[in-house]
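**Student:** I am attaching a structure below and will ask some questions about it afterwards.
The values are calculated or read from the model by the stated rules, or taken from the named source; none is laboratory data. What you are looking at is a predicted structure, and each value in this text was computed from that prediction instead of being measured. Because the Cβ atoms are built from the backbone with ideal geometry, glycine has one as well, and the counts that use them run over all protein chains shown. What goes into the accessible areas is simple: the full protein's heavy atoms, side chains included, and nothing from ligands, DNA or RNA. Shrake-Rupley method; radii C 1.70, N 1.55, O 1.52, S 1.80 Å.
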Amino acid sequence: MFNKEGIPFFIIVIPFLAIFFVSFLSISYYLKLSDETYQKELILNKEQTSSFSEIKKQNHQNEKTKFIKFMLAVTSVIIIFMMLFTFLMLSIIKDVIKKYKLQVQNRENALESLNENLSLKVKQGIDEAKQKDRKILEQAKLARIGSMISMIAHQWRQPLSQLSGILMELETTTRFKKVDNDYILNAIDKSDKMIEFMSNTIDDFRNFYKPDKKKEDFYVSDACKKAINIIDATLENLGINLILDIKDDKKIFGYPTEFSQVILNIISNAKDVLIEKNIKNPKIEINIESKGILSIITIKDNAGGIEEKNLEQIFDPYYSTKDSSKGTGLGLYISKLIIERNMGGDLSVSNDSDGAVFKIVVAG
């Protein structure tokens, strides 16, 4: 009974039905008058009265007058009806327009409120993301400091042992009064070399973790060797064999120190897994090759690989398969950011028959 604007259907149809009905009545009335006139003419013909023409004229005039009055009355009724109908329709249309404007206004208000809330939520989301990034960086720095101290300890273990041995020899020769100037100078020279090595170790670590200020061209092998020099003493003490295979070395454009940190982080993770699983004959292989403009670095171990359920999450922040005391779950996440966001490369992981395979692809 109602159309989509809310106007009753019968209100639209009634005027047309009324006009049709009035037209039907008018035609019927006119036909009725014509029939009566015809009947009267027949009667008059039969009577053959002398006043036939006058009566016919008078009757025709009366019929015409009646018909005009009838049509005027019908026309007046239709005009009045159409005026009322027009007023009614205007009122209904006005109400519909008012209702429509109210709906539009309500929707506009809702959209404005939604935009304000959305802007506020976006701003809150950005602030939370910034806070999260700062927190991640702070935690990464702390984890890096802990890792650096551990590796420095491994690097210093051998020279400290040698210094201890030199001092013990000096003490023994002094007690037995067998010391001479040459022996003392030789011991001092050895001690200076050990101390210089330890001092250089501190400089190497400080420079290694110093952030790069700008991109530059560097050889992939140099960055990998820089990372290996930091951790080789640790791997040697743990009995882990590190193999570096350089098939095709080339220069790439990026941040050399950050790239070395990525290599070090992957090697360190492989070292932790090898020790945790107590693998016999543990080893880590680093292969450097190139295809066209791409440099491809693969780092693999023989620790048995990563479980399939963990492969998709391995680069997520705070995700770690290690014990909470041994890892923060930020190393691989930051490594992926460095390779993909800072250097426009790709860092992925897969498994082979021996263990996990990390693959770095960067353009030269």
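**Student:** Restricting the first residue to segment 181-199 and requiring it to be farther than 17 Å from residue 152 by Cα, which pairs with a second residue that is open to solvent by 90 Å² or more (accessible area, probe 1.4 Å) and modelled with pLDDT of 80 or more meet a Cβ separation below 9 Å and a spacing of at least six or different chains?
**Tutor:** 183/169; 187/167; 187/169; 191/167
**Student:** Looking at 280, 309, can you tell me which residue is among the charged types (D, E, K, R), assigned to a helix (DSSP H, G or I) and surrounded by fewer than 17 Cβ atoms within 10 Å (Cβ to Cβ)?
**Tutor:** 309
**Student:** Just need a number here: residues in segment 157-192 that are closer than 23 Å to residue 236 by Cα and open to solvent by 80 Å² or more (accessible area, probe 1.4 Å).
**Tutor:** Residues that pass the stated criteria total 4.
**Student:** Could you list all residues from segment 234-255 that are more than 20 Å from residue 302 (Cα to Cα) and surrounded by 19 or more Cβ atoms within 10 Å (Cβ to Cβ)?
**Tutor:** Hits for segment 234-255 are 252, 254, 255.
**Student:** Mind listing just one residue for me: the one in segment 100-130 that is polar (S, T, N, Q) and modelled with pLDDT of 80 or more and, of those, nearest to residue 228 (Cα to Cα)?
**Tutor:** 124
**Student:** Name the residue that is least open to solvent (accessible area, probe 1.4 Å), counting only residues in segment 283-306 that are closer than 19 Å to residue 222 by Cβ and polar (S, T, N, Q).
**Tutor:** 295
**Student:** Could you count how many residues in segment 249-258 are assigned to a helix (DSSP H, G or I) and at pLDDT 90 or above?
**Tutor:** The qualifying residues number 0.
**Student:** Mind checking which residues of segment 313-346 are open to solvent by 30 Å² or more (accessible area, probe 1.4 Å), at pLDDT 85 or above and outside any helix (DSSP H, G or I)?
**Tutor:** Across segment 313-346, the qualifying residues are 344, 346.
**Student:** Mind listing whichever residues of segment 347-364 are open to solvent by 20 Å² or more (accessible area, probe 1.4 Å) and in a loop (DSSP other than H, G, I, E, B)?
**Tutor:** Within segment 347-364, 352, 353, 354, 364 qualify.
**Student:** Among the candidates 275, 299, 266, 286, which residue alone is under 17 Å from residue 360 (Cβ atoms), in a helix (DSSP H, G or I) and at pLDDT 85 or above?
**Tutor:** Going through 275, 299, 266, 286 in turn, the sole match is 266.
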